[in-house]
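What follows is a single structure, written as structure tokens, with notes after it.
The values are calculated or read from the model by the stated rules, or taken from the named source; none is laboratory data. Keep in mind that this is a model prediction, so the values were computed, not measured. Here Cβ is always computed from backbone atoms with ideal geometry, including for glycine, and neighbour counts include all displayed protein chains.
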Amino acid sequence: MNPALAADPSFGKIELRIPAKAEWVAVARLAVAAVASRIHFSVDEIEDIKLAIAEACTNCIGHGGEGNQIEITSEIFSDEMRISVRDRSLGHKLESVEKDTGFAEGKRTEELGVFLIRALMDEVTYDVDARAGTELTMIKRVS
Amino acid sequence: MNPALAADPSFGKIELRIPAKAEWVAVARLAVAAVASRIHFSVDEIEDIKLAIAEACTNCIGHGGEGNQIEITSEIFSDEMRISVRDRSLGHKLESVEKDTGFAEGKRTEELGVFLIRALMDEVTYDVDARAGTELTMIKRVS
Amino acid sequence: MDIKVNVRESEGDAYVVDLTGEIDVYTSPKVKDAISELIDQEHYNLVINLEKVRYIDSTGLGVLIGGLKRVREHGGSVNLVCTNPQIKKIFDITGLVKIFGIFDDEQGAMKALV
Amino acid sequence: MDIKVNVRESEGDAYVVDLTGEIDVYTSPKVKDAISELIDQEHYNLVINLEKVRYIDSTGLGVLIGGLKRVREHGGSVNLVCTNPQIKKIFDITGLVKIFGIFDDEQGAMKALV
Ligand SMILES: Nc1ncnc2c1ncn2[C@@H]1O[C@H](COP(=O)(O)OP(=O)(O)O)[C@@H](O)[C@H]1O
Ligand SMILES: Nc1ncnc2c1ncn2[C@@H]1O[C@H](COP(=O)(O)OP(=O)(O)O)[C@@H](O)[C@H]1O
């Protein structure tokens, strides 16, 4: 790990804003993976982060109306990465999926996405505000 | 090319904000390359864009003081990409290098960077504002 | 950041769909179209080869599940070829390993169809 | 997004620096350190192998130029091995092809040193 990163717990934020459209999710995935590769995540952990971010972005698509944007903030610490995904839509049925129950047949694709986020990241919290929209915050720790 | 992009001239903006530090330039390079790959640039043209962006970011590093940030805005059109790189530093000696004179020995690395930006991109303009900082805007056209 | 889809006929009325690239919310409609077209043409025994797929997300999984549901209504099946450990892991943690036949090579996936 | 630097002795007091990865504003200090260390140890005939370099920016070029200047003061030289067309293009448009010896393989670069 870069010693400069380890020495400074509030090392810096990387912010990305994309239109909430399918064609831009890959940009979020690649940018966040590039950020993640700056601390000592394994290749597998970086793949986990990519998928979780992509699922969070996918959840914003089709909600929030025309012109909805997705704001992704990545913050690097010595042994973890914190990523928040915000958009102005509401809810995304985030509560409906539990982490440890396995994935029952008959669930819809969006619930599958939320299930994956919970399975791949170490901590997941969300915050729905009727005016501001939804913010999903995820933490991945270096193993 | 994605027909949705071609049909809509103001297709959408991607914004990225990174700390003005050397370790984050690679993130800008990869994110902007991912955006560029959404229209029909050749592999070589995408490499040109990556290098130009990286040079523009590198110019911001070491200027603008502690906490300086780099804001990169990429906008995609049907046959060109417009990228602006803003930070709160001033000047970067952008005027001192001409596109067509070749690169004389004795120039410093920063001038080499500006020379490369001018050589690789189709249009380069900059705007220095004593309060806001410097904004470098680059256009690359699909060949 | 893109997907290539190649469809080819194999033995015993089975069809193979070769996928190359990344299956995400942007590219999965292309995969869905290819699978739907085969099913509309009444081909219900499918092998979907994911060996050259580097990435799949929930929309890609949804397309595979949707295809499986449709062919099952006609007594068919969908077998997958998958060797990428990260993608296998996704099928594991979602429990989809129990729904799909997942094989290390195309021969295995074809044999298990019939 | 990183650089690997490997230094090895070759024939006739020449040294080869093998670089693998990307040389940018973040990684070029590592390259500069390796080259400076060789020069400090009075090795003035260097081959820098860029065959496995995927990317170089102005700071990387600056490091190479700085190294060349220093060895020239002692009658030495820096030859480059470079096959990547994009990187060759950068040496072309900057005019640095006229300053460096650029070769398609290490043998060529070594021979031209002596
Ligand atoms: N985990 C799952 N288990 C079973 N079926 C699923 C699962 N996820 C998605 N599906 C099914 O896959 C198909 C595609 O899902 P989805 O993308 O949600 O489409 P739709 O919104 O048209 O139902 C649907 O038939 C859906 O019910
Ligand atoms: N295009 C160039 N032509 C000749 N020398 C150059 C060129 N670019 C950089 N240099 C030289 O390379 C070395 C490193 O450059 P630079 O990074 O600007 O370091 P410094 O700021 O210490 O001069 C310096 O000796 C500089 O003069």
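Residues in the range C:75-87 that are more than 10 Å from chain A (Cβ to nearest Cβ) and touching a helix residue (DSSP H, G or I) at 6+ places or on another chain (Cβ under 8 Å): 6 in all. In the range A:48-61, the qualifying residues are those that are modelled with pLDDT under 95 and in contact with an Asp or Glu (Cβ under 8 Å, 6 or more places away or on another chain), and the one that is nearest to residue A:31 (Cα to Cα) is A:58.
Output the number of residues of the range D:74-106 satisfying the condition of being among the aromatic types (Phe, Trp, Tyr) and in a strand (DSSP E or B).
Of the residues in the range D:74-106, the ones among the aromatic types (Phe, Trp, Tyr) are D:91, D:100, D:103.
Next, only the ones that are in a strand (DSSP E or B) stay: D:103.
Number of matching residues: 1.
When residues in the range B:1-18 are screened for being at pLDDT 90 or above and surrounded by fewer than 18 Cβ atoms within 10 Å (Cβ to Cβ), 2 of them pass.
Here is a yes/no grid of residues against (1) of a type in the set (Gly, Ala, Ser); (2) touching a strand residue (DSSP E or B) at 6+ places or on another chain (Cβ under 6 Å); (3) modelled with pLDDT of 95 or more; (4) more than 15 Å from residue A:139 (Cα to Cα):
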{"site": "A:31", "(1), (2), (3), (4)": "yes, yes, yes, yes"}
{"site": "A:46", "(1), (2), (3), (4)": "no, no, yes, no"}
{"site": "A:63", "(1), (2), (3), (4)": "no, no, no, yes"}
{"site": "A:70", "(1), (2), (3), (4)": "no, yes, yes, yes"}
{"site": "A:73", "(1), (2), (3), (4)": "no, yes, yes, no"}
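Considered as a group, the residues in the range A:88-100 that are outside any loop (DSSP other than H, G, I, E, B) and either in contact with a Ser or Thr (Cβ under 8 Å, 6 or more places away or on another chain) or not small (Gly, Ala, Ser) (or both) include one that is modelled with the highest pLDDT, and that residue is A:94. Pairs linking a residue in the range A:21-39 that is under 20 Å from residue B:75 (Cβ atoms) to a residue that is among the hydroxyl-bearing types (Ser, Thr, Tyr) and modelled with pLDDT of 95 or more, with Cβ atoms under 6 Å and 6 or more positions apart or on different chains, are A:22/C:26; A:23/C:26. Of everything in the range C:43-54 that is of a type in the set (Val, Ile, Thr) and away from chain A (no Cβ under 14 Å), the residue that is nearest to ligand 1 (Cβ to nearest atom) is C:48. Restricting attention to the range B:10-29, report how many residues are small (Gly, Ala, Ser), facing chain A (nearest Cβ under 7 Å) and within 20 Å of residue B:142 (Cβ to Cβ). Within the range B:10-29, residues that are small (Gly, Ala, Ser), facing chain A (nearest Cβ under 7 Å) and within 20 Å of residue B:142 (Cβ to Cβ) number 1. Summed over the range B:56-84, the residues that are farther than 18 Å from residue B:16 by Cα and part of a helix (DSSP H, G or I) give a count of 0. Only one entry in D:33, D:40, D:24, D:57 is within 25 Å of residue A:37 (Cβ to Cβ) and more than 11 Å from chain B (Cβ to nearest Cβ), namely D:33.
Just checking, which of C:50, C:68, C:19 is among the aliphatic types (A, V, I, L, M), assigned to a helix (DSSP H, G or I) and surrounded by 16 or more Cβ atoms within 10 Å (Cβ to Cβ)? Answer to the check: C:68. Considering D:76, D:21, D:67, the condition of being within 13 Å of ligand 2 (Cβ to nearest atom) and in contact with a strand residue (DSSP E or B) (Cβ under 6 Å, 6 or more places away or on another chain) is satisfied by D:67 alone. Answer with yes or no whether residue D:42 is charged (D, E, K, R), crowded, with 16+ Cβ neighbours inside 10 Å and more than 16 Å from ligand 2 (Cβ to nearest atom). Here the answer is no, as residue D:42 does not meet what is asked.
Name the single residue that is modelled with the lowest pLDDT among those in the range A:101-137 being of a type in the set (D, E, K, R), loosely packed, with under 14 Cβ neighbours inside 10 Å and within 16 Å of ligand 1 (Cβ to nearest atom). Among those that are of a type in the set (D, E, K, R), loosely packed, with under 14 Cβ neighbours inside 10 Å and within 16 Å of ligand 1 (Cβ to nearest atom), it is A:105.
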